[in-house]
Every structure is written in structure tokens, then in C-alpha cells.
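Just so it is clear, none of the values below were taken in a lab; they were calculated from the coordinates. Everything numeric here is computed off the predicted structure, so don't read it as measured data. Virtual Cβ from ideal backbone geometry, glycine too; neighbours counted across all protein chains shown.
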Ligand SMILES: [Fe+2]
Ligand SMILES: [Fe+2]
């Protein structure tokens, strides 16, 4: 049954709705399991982002209400992915891994202004994150034949696309107020894309998968994560990402430019994948 917040955002599913009775241990891929565990930790950490966003947008009560509901949904993504991972790997303890992640990776929840320089900049960055997550769960769902994970990815993907729309909608209000140009917006957007190689995902991969005595190293765990995630993407997935990223920056691409930029992005991903596969093979 759908649940609606005061703002109209809906939480359309519960963990108990998933087809757990159809769980099939024979269809678990170890590589997918490793990145599902990492994703669970990042999603579950959404409360810190909600605190950060609520500080920045404290004057906008309507948006703060949306942020609270958004955090509930993101946290549920973490709980559901964690529950699936524990079913798939009985040695995995989601609570312990989550505590390990939180102990080593913190965002600045005391900030009162956006690290992006403005509220609009913050919302562009949020749109980029939701672009990334919606595409990630799309490719994960396509890659697995395990029925529960497939169903879960479909539900999360729908949520992430709705989150993109939520932040994009609020972005229009702040863009009208701040009037920042498209080039500046593009710089913020592409900057956030680049940040996907920062510690957040690499450290989550480490916290979820590395032995307790392993020492964290960003390059090694970025490689380990990318080597498992990048091969899941097809040209159509990348094209969608390109369109959504540019749209968040106020640019609607023609078919020619969308295809051209997709070709470049695909090439960059292939080069990075080649590099990280060599690195991962050498180190992990
Ligand atoms: Fe999420
Ligand atoms: Fe989201």
C-alpha cells in the first residue's frame, strides 16, 4: 500500500513486499554481491546527507519536508540491499559493516552553506547523484537473474528517478533566483560526476568487503569497485546518463550531441576499466 507524506512524496514499497520466497542462491554473482554490499552502506548513510541538506535549505520548509521523506526512502534502499546481501552471504553483517563505514567516512554535517557554492549548485549535484544511482540500479537489475535482487533494483530505480525529478523541480526555483549560467552549471555537474571516484564508494567497498585487518587504499578499492560496476553499463545506459546530466545543467542535447558525448563517455569508461582491471588484478 502506498504511503504519502504531507508533501505528496510517496513511499511506494516496503522490504516485506519483495518476493523473498523466490530467492535463488544459485543465481548470485559474487561480483554483484560485493557491489551490492557497498551500495547498501552508502544508501544507509543518507541521514547524514539529509542533515547537511536541511542545514543548507533551512529557510525552505517545504523542501525540508521533502528531504526528510527522501532520506527515509534512501535509508530503506540501504536496509533492503543489506537484507538481501545478508541472505546471499550469511557471513555478512550489515550492522557491523555499516558501523565500519560510518567510523571511517563522514561528510561535514555542520556546514551551513553548500560546498557547491550555492543552493542551485547543491541541487545540480543532487541531480547528478540521482542520475548515477538510477542508472546503477538499472544496470544491476539487468545484470542479475536472482529474482529478489532484480525486483529490488526495479523498485530502487523507480525511486531514484523520482528523486531526480524532485531535486530537478526544486532546482528550477533556485536557478531562477540565482541566475547561474549554463557553463557554470556544467562545471558543477561534471565536477560531481568526477567525485564518484572519491572515497565515498571506494571506502564503502572496503568497509563491506575487505578483511578487518586490511588497510584502506583509495586507488585499490576504487579499482576493485569499478572493475565490477563498469562492465554492467551498455551504450543505452550511458546515453541516458549523458542526457540526464546535461539536462540538470540546463542543456537539452540534440540527438547528434547526445550520441557524440555518449561515444566519448563510453570510451573514457573503457579506458578507465582497462586501467582498473589491471590494477585490481595486481593488488586485490
Ligand atoms: Fe537510493
Ligand atoms: Fe535517491
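Key figures for this structure:
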item: Order of 61, 178 - criterion: other Cβ atoms within 10 Å of each residue's Cβ, fewest first; result: 61, 178
item: Residue of 14, 59, 154 that the Gaussian network model of the chain assigns the largest fluctuation, springs spanning Cα pairs under 10 Å; result: 59
item: The range 26-217: relative contact order as a whole-number percent, Cα under 8 Å and 6+ apart; result: 31
item: Ranked list, fewest to most other Cβ atoms within 10 Å of each Cβ, for 64, 127; result: 64, 127
item: Gain upon complete extension [residue 252, residue 93; 0.36 nm per residue less C-alpha separation]; result: 52.9 nm
item: Computed [θ] at 222 nm, deg cm²/dmol, the chain (DSSP H ≥ 4; -39,500 (n - 2.57); rounded to nearest 500); result: -24000 deg cm²/dmol
item: Exposure proxy ranking, count of Cβ atoms within 10 Å, fewest first, for 206, 233; result: 233, 206
item: Radius of gyration and Dmax over the Cα atoms of the chain, both given in Å; result: 18.6, 54
item: C-alpha center-to-center spacing [the range 246-260, the range 143-181] in angstrom; result: 18
item: P(r) histogram, all alpha-carbon pairs of the range 193-284 included - 5 Å bins from 0, percent; result: 3, 13, 21, 20, 15, 13, 8, 5, 2, 1, 0
